[in-house]
Amino acid sequence: MKVVEIKAKSILNKSSIGDYCINVYVGCQHACKYCYASYYTERIYEIKEPWGSFVLIKVNAPQLLVKEIVKKKKGVVYLSSLSDPYQPIEAKYKLTRKILEVLLRYKWPVIIQTKSTLLLRDLDLLKRFDEIEVGFTLITLDEKKRKEFEPGASPVEARIEALKRLKKEGIKTFAFLGPIIPFTEFSEVEKLIEKLSFVDKIYIDKLRYKPGLENRLPLQWFNANNYYMKLKKKFKNKATFVY
Ligand code: SF4
């Protein structure tokens, strides 16, 4: 794993989810096969290493946020759009935790989405936010499939247990079922929805194509519009579709 410390120029960026997003890491050790963040990361940072084999660490992120937060209009901050805020390296650098400390101090609302139970380390902070939503991404209940598609992320059951814990602590929770891998049996999706019925909101997303993904997944999977239309029709009353 290639780990490089860098100094970022800015940290609080405009976002389509919430008002702002913060990415303290560039690259993601979770190495999800379907991840299209790799496309943007390779273009912005001109990185050639395989996705999942590198992380750039924005070591000055908390200090930058302290400077930027006082200059910007208060809004919802999404963690994170192009990397997982709780990927394994966070255990060492604690940058996500330091970012949360700043956001909490200024009482900014937060949405966190992750595939890692390392998030529970920061439960003490999460509980102190007035406005917060925390979600886990889950695409399957099958641990073998999870290992194939999300090799670096937490096991399925551990994520579900973490969601239960958050819910018990009174935190607003969501499950992001995306991308549903094309041609997954509807009965499997149904089981996933049922298992997660205790969360506050369930989202479903489809597989999205970006150049380069054809090297990791079968090309015909990106032509599954019919499948996704049927999926939406079948579960429109049980989940919010984001496509
Ligand atoms: S956790 Fe998210 S950012 Fe990280 S590899 Fe998976 S899809 Fe990409």
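Any read-out appearing in this document is the output of simple, stated calculations on the displayed coordinates, not a laboratory observation. None of the values given here were measured: they were computed from a predicted structure. As a convention, Cβ positions derive from the backbone with ideal geometry for all residues, glycine included, and neighbour counts pool all protein chains shown.
Which whole-number percent gives the relative contact order of the stretch 57-167, counting Cα pairs below 8 Å spaced six or more residues apart? Present the calculation step by step, with values, prior to reporting the outcome.
On the way: 118 pairs, mean separation 27.0, N = 111.
Once normalised by length, the contact order is 24 percent.
Largest GNM mean-square fluctuation among 96, 41, 173, using the chain with Cα springs under 10 Å: 41. Over the chain, Cα pairs under 8 Å with separation of 6+ residues give a relative contact order of 18 percent.
When both the stretch 108-136 and the stretch 179-243 are represented by their alpha-carbon centers, they are found 25 Å apart. Does anything in the stretch 79-99 have its amide N under 18 Å from the 7 Å Cα→Cβ label point of residue 172, and if so which residues? Output list for this probe position: 79-80.
Over the stretch 1-130, what is the percentage of antiparallel beta bridges among all DSSP beta bridges, to the nearest 5?
Expressed as a percentage, antiparallel bridges in the stretch 1-130 total about 30.
Average projection, convex hull of the Cα set of the chain: 12.5 square nanometres. Sorted on the mean count of surrounding Cβ atoms within 10 Å across their residues, most packed first, peptides 6-13, 17-24 read 17-24, 6-13.
Membrane-span-like helices in the chain: DSSP H runs reaching 20 Å or more (Cα, own axis), mean Kyte hydropathy at least 0.5?
Working: long enough: none.
Taking the DSSP H segments of the chain (at least 20 Å long, mean hydropathy at least 0.5), we get none.
Run through the DSSP bridge list for the chain and note the antiparallel percent, rounded to the nearest 5. Don't skip to the answer; put the middle values down first.
Numbers: 4 of 30 bridges.
Counting only bridges with both partners in the chain, antiparallel ones make up about 15 percent.
The peptide list 216-227, 27-38, put in order of mean Cβ contacts within 10 Å with the highest first, becomes 27-38, 216-227.
Between residue 165 and residue 125, full extension at 0.36 nm per residue minus the direct alpha carbon distance yields a gain of 13.0 nm. Label-to-label distance for residue 6 and residue 233 is 4.5 nm, based on points extended 7 Å past Cα in the beta-carbon direction.
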